[in-house]
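First up is the structure itself, then whatever we jot down about it.
Here, each number is a calculation from the coordinates, and none is a lab measurement. This one's a predicted model, so the numbers in the text were calculated from it and none came from an experiment. With ideal geometry, Cβ positions are generated from the backbone for all residues, glycine too; neighbour counts draw on all protein chains shown.
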Amino acid sequence: MSLSDFVFATCRAGSEKALKKEVSLQPGKLLTPAFMRPQLITWKVQAGLPTDFVFDALLGVVCGWSLGMARSAEDVAEILKTSDLHVCALHVFPRLISEDGLTPDEWAPVEALADSLKQVCQTSSESHYILDVILGEAGEPWFIGCHPRSAASHPHAGGLPKLTIPTEAPSRAWLKMEQSLAWLGLDAPDLLVGKSALELGSAPGGASWSLLQRGMKVIGVDTGAVATCVQNHPNYDHVGLPASQLPLDYLPERIDLLACDMNLAPDVVLKYLEPLYLRLKPCWLVLTFKMNDARVEALMPYFIQQVRRFASGPVYAKQLHANRREVTLVSQSADV
C-alpha cells in the first residue's frame, strides 16, 4: 500500500471539536487539521512519521488513512489500483449518523451501493485493511479511506450495527449494550444463552433487557426502579442497593459478563468495579465512563489505563454512536 499524506476519523454527532482537541494533544504533533465536516475530520501527516504509526483516537469511531473522493464504483476501483491497496472487506456507511442509528429504510440504499461496489472491488483474505466508503449528503462525492482490521476496531461498517431500538426497550441503554456486544463479537444469535451477567447501574433496565433477550441470567444492581418487563422477567434478579453496599456473598463465584453504566465519576466507579472484577473473573467486561466535566475528560486516558491494569485481557475504548458524554470500554478475558 502507498500510504496517504492524510488520515481521517469519523465521530458521533457533536464530538467534532473534542476530537480535534484530543488529536492536537497527542505527542509529537504529527498531525495538522485539514478538513472538517459534521462527523468527519481529516489531518495532514507531517514528515518524520514513525514506521509503526497507527492513527487512533478515543473519540474517533473509525480512524484510518484518507484515500480521496469518488462519485462512482469505477472511481473507487481506480483509487484502489492507484494506491496499490488490497482490502479484506468493504464498509459502506453514511457520514451523518444519529445517536439512535439508522432506520431500515435509511440502510437500504447504503446496502444497495455496497453490493454494486463488491462487483468491481475485489477483496483478499491476505489483506488486513478494510475499505471505508463514507457517503455524504445528496450531491456530495463519497469520501474514501481505509483502516487496519484489528480487535480494537468495530467489526461493523462505521462502527454501527444495523439495529433499531425496540418499542419495549426500557431505555437507550439497550442500544449502547447492543453496540458493545457487537464490538466484542457477541451479537450472534444464541451465543449468550444460559450465561450470567452482573450489571451495576441497571435502572431503568435497557441494558439488562438486551441481555435478557439474549437468554442471559442477569443480576441488576441499582437503587432505582426498573421497568416492569425487566423486573418480572424470570431470569432477572434486582438488588436494590448501591454498588458500595452490594454483599459479595450474595453473588455467584463467577459471572460471565460484568457490565457497569453508573452515573458516577470514573474514579468512584473504579473503586467498586476493580474488586468485583478480580473476584468474579468475568469473561467479558462492558463499562461506560461518564465525561460530565472537563477535568474527567482530560483524565480519561488515566482512567482507561487503570482498567487495563487489572483486566485480564486487552481493553479497548471508544465513544460509540449511542454514547453521549461518555465512552464505552470493552474487554475479553485472555482465558476466553
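Among Tyr277, Tyr236, Tyr250, the largest mean-square fluctuation in a Gaussian network model of the chain, built with springs joining Cα atoms closer than 10 Å, belongs to Tyr250.
Shape summary of segment 69-178, radius of gyration then Dmax from alpha carbon positions: 15.2, 50 Å. Each listed q (0.10, 0.11, 0.14 Å⁻¹) maps to a log10 I(q)/I(0) for the chain, found by the Debye formula over equal Cα scatterers with no solvent: -0.62, -0.74, -1.13. Remark: for residue pairs Lys20/Lys281; Lys20/Lys290; Lys176/Lys271; Lys29/Lys118; Lys217/Lys318; Lys81/Lys176, the C-alpha separation exceeds 31 Å in Lys20/Lys281; Lys29/Lys118; Lys81/Lys176. Using C-alpha pairs under 8 Å with a sequence gap of at least 6, the mean separation divided by the residue count of segment 104-197 gives a relative contact order of 18 percent.
Put a dot 7 Å past the Cα of Arg325, heading toward its Cβ, do the same for Arg172, and the two dots end up 1.3 nm apart.
For segment 262-268, the Karplus equation 6.51 cos²θ - 1.76 cosθ + 1.60, evaluated at θ = phi - 60°, returns couplings of 9, 7, 10, 4, x, 5, 6 Hz by residue, with Gly and Pro reported as x.
Build a GNM of the chain with springs between Cα atoms under 10 Å apart, and of Ser15, Ser83, Ser208 the one that fluctuates most is Ser83. Taking segment 237-299 on its own, what percent of its Cα-Cα pair distances exceed 18 Å? Every Cα pair in segment 237-299 considered, those over 18 Å come to 40 percent. In the chain, excluding the sites themselves, the longest stretch lacking any of the trypsin sites (Lys or Arg not before Pro) that are in a DSSP loop with at most 16 other Cβ atoms within 10 Å is 173-253.
Segment 7-35 and segment 298-336 have Cα centres spaced 20 Å apart.
At an R0 of 45 angstrom, the distance between the Cβ atoms of Thr228 and Val268 translates into a FRET efficiency of 0.90. Taking 16 Å as the cut-off, the amide N atoms of segment 62-101 that come nearer than this to a point 7 Å along the Cα-to-beta-carbon line of Thr123 belong to 77, 86-93.
Each residue of segment 246-254 was assigned a 3J(HN,Hα) from its phi angle through the Karplus curve 6.51 cos²θ - 1.76 cosθ + 1.60 (θ = phi - 60°); the sequence is 5, x, 5, 6, 7, 8, x, 5, 9 Hz, with glycine and proline shown as x.
Mind pulling the angle between the C-alpha long axis of helix 104-118 and the longest principal axis of the chain? Nearest 10 degrees, somewhere in 0 to 90. Here the helix axis deviates by roughly 50 degrees. Our coupling estimate for segment 30-36, obtained by passing each phi through the Karplus curve with A = 6.51, B = -1.76, C = 1.60 and θ = phi - 60°, is 7, 10, 10, x, 10, 8, 9 Hz, Gly and Pro reported as x. Taking every DSSP beta bridge that has both ends in the chain, the antiparallel portion is near 60%. Diffusion of segment 173-332 by Stokes-Einstein, at 37 °C in a medium of 0.692 mPa s and with Rh set to the Kirkwood radius over alpha-carbon pairs, works out to 211 µm²/s. Once each of the GluC sites (Glu not before Pro) sitting in a DSSP loop with at most 11 other beta-carbon atoms within 10 Å is removed, the chain keeps 1-125 as its longest stretch. Distance between the C-alpha centers of segment 67-118 and segment 222-262? Whole Å please. So the separation of the two Cα centres works out to 42 Å. For the chain, a Gaussian network of Cα nodes joined below 10 Å ranks Pro33, Pro155, Pro50 by mean-square fluctuation, and the top entry is Pro50.
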